[in-house]
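Reviewing the structure listed below.
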Amino acid sequence: MDKSTAGGLFAGWAFIVLAIVLGGVGFIPYVDIPSVIIVIGGTIAVTAGQFEVSDLKRMTSAMKVAMKSVSFEQLPELVEKIIFYATEIKKHGVMHVEQKVLEENNPFFKEAFQLLVDGIKPDVLVPLLETKLEHMEKRHNTMIGMFGNIGGTAGSMGMIGTLVGLVAMLANLSDPASVGPAMAVALLTTLYGALIGTLFAGVMESKLTQKHSLEVASCEVIINGASMIAAEESIGNIKMRLNAALVEVIE
Amino acid sequence: MDKSTAGGLFAGWAFIVLAIVLGGVGFIPYVDIPSVIIVIGGTIAVTAGQFEVSDLKRMTSAMKVAMKSVSFEQLPELVEKIIFYATEIKKHGVMHVEQKVLEENNPFFKEAFQLLVDGIKPDVLVPLLETKLEHMEKRHNTMIGMFGNIGGTAGSMGMIGTLVGLVAMLANLSDPASVGPAMAVALLTTLYGALIGTLFAGVMESKLTQKHSLEVASCEVIINGASMIAAEESIGNIKMRLNAALVEVIE
Amino acid sequence: MDKSTAGGLFAGWAFIVLAIVLGGVGFIPYVDIPSVIIVIGGTIAVTAGQFEVSDLKRMTSAMKVAMKSVSFEQLPELVEKIIFYATEIKKHGVMHVEQKVLEENNPFFKEAFQLLVDGIKPDVLVPLLETKLEHMEKRHNTMIGMFGNIGGTAGSMGMIGTLVGLVAMLANLSDPASVGPAMAVALLTTLYGALIGTLFAGVMESKLTQKHSLEVASCEVIINGASMIAAEESIGNIKMRLNAALVEVIE
Amino acid sequence: MDKSTAGGLFAGWAFIVLAIVLGGVGFIPYVDIPSVIIVIGGTIAVTAGQFEVSDLKRMTSAMKVAMKSVSFEQLPELVEKIIFYATEIKKHGVMHVEQKVLEENNPFFKEAFQLLVDGIKPDVLVPLLETKLEHMEKRHNTMIGMFGNIGGTAGSMGMIGTLVGLVAMLANLSDPASVGPAMAVALLTTLYGALIGTLFAGVMESKLTQKHSLEVASCEVIINGASMIAAEESIGNIKMRLNAALVEVIE
Amino acid sequence: MDKSTAGGLFAGWAFIVLAIVLGGVGFIPYVDIPSVIIVIGGTIAVTAGQFEVSDLKRMTSAMKVAMKSVSFEQLPELVEKIIFYATEIKKHGVMHVEQKVLEENNPFFKEAFQLLVDGIKPDVLVPLLETKLEHMEKRHNTMIGMFGNIGGTAGSMGMIGTLVGLVAMLANLSDPASVGPAMAVALLTTLYGALIGTLFAGVMESKLTQKHSLEVASCEVIINGASMIAAEESIGNIKMRLNAALVEVIE
């Protein structure tokens, strides 16, 4: 569980609940089932229309990624692990690590080092891993873009709902007493749209972007390390080059 | 038929209808023929003014593309097919596949492999196919941009219509009873503009973008495969390189 | 005359006139000479302040370009013409086409082929033509950006005019009967600004962008063709390479 | 004095004055010293907070640049001058022009040709001049960005001022007669913010951008010319290459 | 202490206080604890949800960076120092500067020159330092983006708060006297959001961007200088190349 995503979302919604409670009119004026249906339903419908079925199916798994804490190693541990593998290979040959590679659970690391064990040359290894990384980036960016689109669509559906409500209210001004509540209901779709955009889609989009860039940085270190091992560079060189990704000193 | 486009659009409009029904004032306040004419007519007029006739003529075919499910193979089948062709050519020579290529219906695949059958060298084949891909991308981006422009124009025409309506209403405030309905009618153009932008142009633009990037990815795999076959690389290498585009493992 | 620009603009303004007529209060509430002066005058003044005199002078000629139908050949005719020239040069030598080149009216084609006739080597010809193309692109982008700026400025001047009008109205609320008409007049500048942005600057900007990208594509084909002729490539190769720009098959 | 900047700004403000005069309520409702202080003071404060002191000090000199007409040569004269120098150097040697170079007042031209006179080799000359150009671009872009930021900040400070005013007005609704004037005052900060953004920062930003791109184009021609002279290319070649930047024929 | 950041922020807030004082209704209508909680709390919650814990922890240190005056040398002093080191190394060998390097407090300079002292070859040194710079840029951009996001989120939370307040007010219109104050309170969240966006997040974002680009420029000069020393170029060349970054002449 990614504590900051879960905690941030929970606290965000709690502050909204607090705002409503402090408003003193209770929850009832804020709940309008038709408005909920129109904004959420409309956003789902438009999103379904905008994306391919295969991408829509990956949406829940993308949400799980945003909610889970990162499963792969942080950069410092990763660099250490690569240096460990490089030393083992230098000492005992590439076959010695075969079993250990199979037990790794970072999939990109596993694939890169299985190719190393298979004896792939650096000039084949690097473009191959870069192709894999590139396709991963495309898939991630589709999902990040999907949450961005959801935020925009929820805002638009909210505005459309409010306009529909305003027209209904204005067409029926005979009873002045009903103007206030009707206007309140009309504004609810805008509120729902803003809430979905800020407290769901925006958080997902940004968190996935952060996790994506961490993963890309980690994949780049793996490609860099694997290619240096394949090129049989010295352990000293590999250490120096990989540690450059860890510049903690400068701020 | 692309079920997600059709279903999404249908459901989206159904939610709007639902919103109106639940509003309780019936459909009549939402229908104003002059407003429809101004927003739709104005958007068509501006779009015609913004684009070349040759591009305007391609608009309906672009809409068909967005509504149809993708006709060409998914990446995994495509990779498999290219490997099959590569193996056939390795075994029986390039002439052996000539007939099969003619029967292919993925046009980019067909063109690439016909060039292969014609014995084009890799250093001519790749820039040729890349030129074709590049021109395809330009044409697609013109259409994607056209739907983006339509969304923006519909919003502007909606705002213009509302301003025209507001001025009419304000210039004629003598009858207070007419203010509400007049205001309602004025808001209708904004509503129509937002509906066109969200539930037509936005969906088309995004869906075409998705289909476009799928097609580009598929064309890149074809170029990659055809160039490796032309360069007479080993089947093992071709397999390994093409499969890198299918990284299902990493998420 | 570019029929889609002229027709689109005419139809667009006609729809606005229609909207006003259908509004039932006549044209008088929509005409306010001071508002016209402020929005149009202010937009011209700001645009003059934003651009260099030399660019401002090119504005009317840019508008003529947007209104005229494209004078140079479409890509298919252009490719055909280049292949014709290539064949003539192959058969009868470069001097044979000298007279015909002088009669060409596509200026970029003329310049490129005059350089060919002058016997310039391909390694000098290509960077020379690319420099020309690059400077043409810069000049076109300045004009496209100018119309984009005009749209934004008209919107801002409209908003400023409305604020000026609102302050006048609010400072003088003593006569309630005048509020409506005063408010109507205040809104007119916003309306004028939106009309200029949508039905003038936006159309010009987009149409010039379209024509620009057509011209760039055509110049690139000319550079490509001329460099292949200069390099004395075979007619077959030239045909194949140039035709790649015409991929009509794929959509 | 750059006539279009000065004239545009003067005319723009004159149109605003005209709008106010034509509004018929005089200048008094438009002047509110506290609002002026808040918008201008706040914008200055935020801008000071956003930029480095060294950049803030360059602001007035940037404004002078925007207001002055360009001091260096137009491209055609520049090309002519470079060709003149190239011919002199060809005929009489590089020492012959030493005195003339010292009298040049285009600083980039002077630096480039002093390096030529010093006998720097082209492979050192070009990266050196490009470094200089690159640093000039960075410094210019900081100033252009500063005026962009000022426009945005003025708009935000205007909105903040209006909200402050609205809250004051709403908290004190007891006297209905004061609502109008209070609202008018509240709107003034938005008006001031829009005026600063449109009729000061926007004009400066755009004019500096125009002048910057003219200067970059001129520096690029100088680098190009100087490197060809250093490489001892023929006068004919230098002429042809430099003239390519002057494509007046194509539009 | 960075005087322009501190002074700008202080003056900005002082102008807001002034605006409120001059509004004449005192501070009480501007203070609403629930609104403060909702906007600030909600913004913190959403930001926590959007970023990784490791990045959130760096936020206060990033704010300190924005508030402190730059600790490292300005470009002219830096260039002078590098030339001094280059001369020392030329004269007495690289070991002679070892002790001085250890006493440097610019961390990037120290790292670069320690590598020089260690005798790293230029072809290893440059990519190593560039990797370090690249990772520093990524980390800085994450922080700059975080403050940008905070500004946007504060605006959204302000709008959400206002909508919540409006719904409460409209649902409870029975007492007309309460409409004004209720509306005032509803607007407060929008005001708070705009203040956080303009007078906190916007200033931080822009100041960090400025400091970042200064630091990158300084790191690039260090990389450039160190690589020329490692390549044993002449002091004259080093001087000329480094001084190109200081083009004070051209404006």
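The values are calculated or read from the model by the stated rules, or taken from the named source; none is laboratory data. Every value quoted in this text rests on a predicted model; they were computed, and no experiment measured them. With ideal geometry, Cβ positions are generated from the backbone for all residues, glycine too; neighbour counts draw on all protein chains shown.
Within segment D:105-122, the set of residues being more than 12 Å from chain E (Cβ to nearest Cβ) and either part of a helix (DSSP H, G or I) or of a type in the set (Asp, Glu) (or both) comprises D:Phe113, D:Leu116, D:Val117, D:Pro122. Can you confirm whether segment E:141-154 contains a residue that is assigned to a helix (DSSP H, G or I) and in contact with a Gly (Cβ under 6 Å, 6 or more places away or on another chain)? Checked against the condition, which is being assigned to a helix (DSSP H, G or I) and in contact with a Gly (Cβ under 6 Å, 6 or more places away or on another chain), segment E:141-154 yields at least one hit. Apart from one condition, B:Lys90 fits all of (1) under 30 Å from C:Val70 (Cα atoms); (2) more than 9 Å from every other protein chain (Cβ to nearest Cβ); the exception is (1).
Residues in segment B:188-232 that are polar (S, T, N, Q) and more than 21 Å from A:Glu52 (Cα to Cα) were compared, and the one that is surrounded by the fewest Cβ atoms within 10 Å (Cβ to Cβ) is B:Ser227.
Scanning segment B:20-39 for residues that are under 31 Å from the mean Cα position of the chain (by Cα) and in a helix (DSSP H, G or I) yields a total of 9.
Among the residues of segment E:142-175, those identified as over 17 Å from A:Leu191 (Cβ atoms) and free of Cβ contacts under 8 Å to residues at least 40 places away in the same chain are E:Gly145, E:Leu173, E:Ser174, E:Asp175.
Only residues that are among the β-branched types (Val, Ile, Thr) and under 21 Å from B:Phe72 (Cβ atoms): list them for segment B:90-136, please. Those that are among the β-branched types (Val, Ile, Thr) and under 21 Å from B:Phe72 (Cβ atoms): B:Val97, B:Val101, B:Val117, B:Val126, B:Thr131. Looking only at segment D:67-79, count every residue that is under 21 Å from D:Glu205 (Cβ atoms) and not in a loop (DSSP other than H, G, I, E, B) and tell me the total. Selection size over segment D:67-79: 1.
Would it be correct to say that D:Ile222 is over 19 Å from the mean Cα position of the chain (by Cα) and either more than 10 Å from chain C (Cβ to nearest Cβ) or under 30 Å from E:Ser178 (Cβ atoms) (or both)? For D:Ile222, the condition - over 19 Å from the mean Cα position of the chain (by Cα) and either more than 10 Å from chain C (Cβ to nearest Cβ) or under 30 Å from E:Ser178 (Cβ atoms) (or both) - is met. Assessment of segment C:54-66 against the conditions (assigned to a helix (DSSP H, G or I) and β-branched (Val, Ile, Thr)) yields at least one matching residue.
Looking across segment D:21-32, the residues that are at the interface with chain C (Cβ under 7 Å from one of its Cβ atoms) and more than 16 Å from C:Leu188 (Cβ to Cβ) come down to D:Val25, D:Pro29, D:Tyr30. Would you mind stating whether D:Gly12 is assigned to a helix (DSSP H, G or I) and touching a residue at least 12 places away in the same chain (Cβ under 8 Å)? Yes, satisfied. Among what's in segment C:125-134 and is closer than 14 Å to C:Ile229 by Cβ and within 11 Å of another protein chain (Cβ to nearest Cβ), pick the residue that is surrounded by the most Cβ atoms within 10 Å (Cβ to Cβ). Within segment C:125-134, the match that is surrounded by the most Cβ atoms within 10 Å (Cβ to Cβ) is C:Leu129. Only one of the listed residues (D:Val36, D:Val53, D:Val70) is touching a residue at least 60 places away in the same chain (Cβ under 8 Å) and farther than 30 Å from C:Leu166 by Cβ. That residue is D:Val70. Note on segment E:4-19: residues that are under 20 Å from the mean Cα position of the chain (by Cα) and within 7 Å of chain D (Cβ to nearest Cβ) total 7. Pairs meeting the criteria (first residue in segment D:111-122 and touching a residue at least 40 places away in the same chain (Cβ under 8 Å) and of a type in the set (Val, Ile, Thr), second residue assigned to a helix (DSSP H, G or I) and surrounded by fewer than 19 Cβ atoms within 10 Å (Cβ to Cβ), beta carbons under 6 Å, at least 6 apart or on different chains) are lacking.
Tell me, please, whether a residue that is surrounded by 20 or more Cβ atoms within 10 Å (Cβ to Cβ), touching a residue at least 24 places away in the same chain (Cβ under 8 Å) and at the interface with another protein chain (Cβ under 8 Å from one of its Cβ atoms) can be found in segment A:176-183. No, that holds for no residue. Are there any pairs, at least 6 apart or on different chains, whose C-beta atoms fall under 6 Å, with the first in segment D:88-101 and in a helix (DSSP H, G or I) and the second among the hydroxyl-bearing types (Ser, Thr, Tyr), and if so, which? The qualifying pairs are D:Val97/D:Tyr85. Determine which member of the set B:Gly26, B:Gly8 is in contact with a Gly (Cβ under 7 Å, 6 or more places away or on another chain) and small (Gly, Ala, Ser). Of the residues listed, the single one that is in contact with a Gly (Cβ under 7 Å, 6 or more places away or on another chain) and small (Gly, Ala, Ser) is B:Gly8. For segment A:72-111, what are the residues that are surrounded by 14 or more Cβ atoms within 10 Å (Cβ to Cβ), aromatic (Phe, Trp, Tyr) and at pLDDT 90 or above? Matches in segment A:72-111: A:Tyr85, A:Phe108, A:Phe109. The residues listed here are D:Thr190, D:Thr209, D:Thr198; of these, the one that is over 27 Å from D:Ile20 (Cβ atoms) and within 12 Å of chain C (Cβ to nearest Cβ) is D:Thr209. Every condition in (1) over 30 Å from D:Thr153 (Cα atoms); (2) touching an Asp or Glu at 6+ places or on another chain (Cβ under 8 Å) holds for D:Val70 except the one numbered (1). Could you please let me know if D:Glu232 is more than 7 Å from every other protein chain (Cβ to nearest Cβ), farther than 25 Å from C:Glu111 by Cα and touching a His at 6+ places or on another chain (Cβ under 9 Å)? So D:Glu232 does not fit the description; no.
Taken as a whole, the structure leaves D:Ser35 outside the set of residues that are out of contact with any strand residue (DSSP E or B) (no Cβ under 7 Å at 6 or more places or on another chain), among the hydroxyl-bearing types (Ser, Thr, Tyr), at negative phi and away from chain E (no Cβ under 12 Å). If you go through segment E:46-58 one residue at a time, do you hit one that is among the polar types (S, T, N, Q), within 15 Å of the chain's Cα centre (by Cα) and at pLDDT below 90? No, segment E:46-58 contains no residue that is among the polar types (S, T, N, Q), within 15 Å of the chain's Cα centre (by Cα) and at pLDDT below 90. Among the residues in segment C:151-167, are any surrounded by 20 or more Cβ atoms within 10 Å (Cβ to Cβ), under 19 Å from the mean Cα position of the chain (by Cα) and of a type in the set (S, T, N, Q)? The answer is yes, given that some residue of segment C:151-167 is surrounded by 20 or more Cβ atoms within 10 Å (Cβ to Cβ), under 19 Å from the mean Cα position of the chain (by Cα) and of a type in the set (S, T, N, Q).
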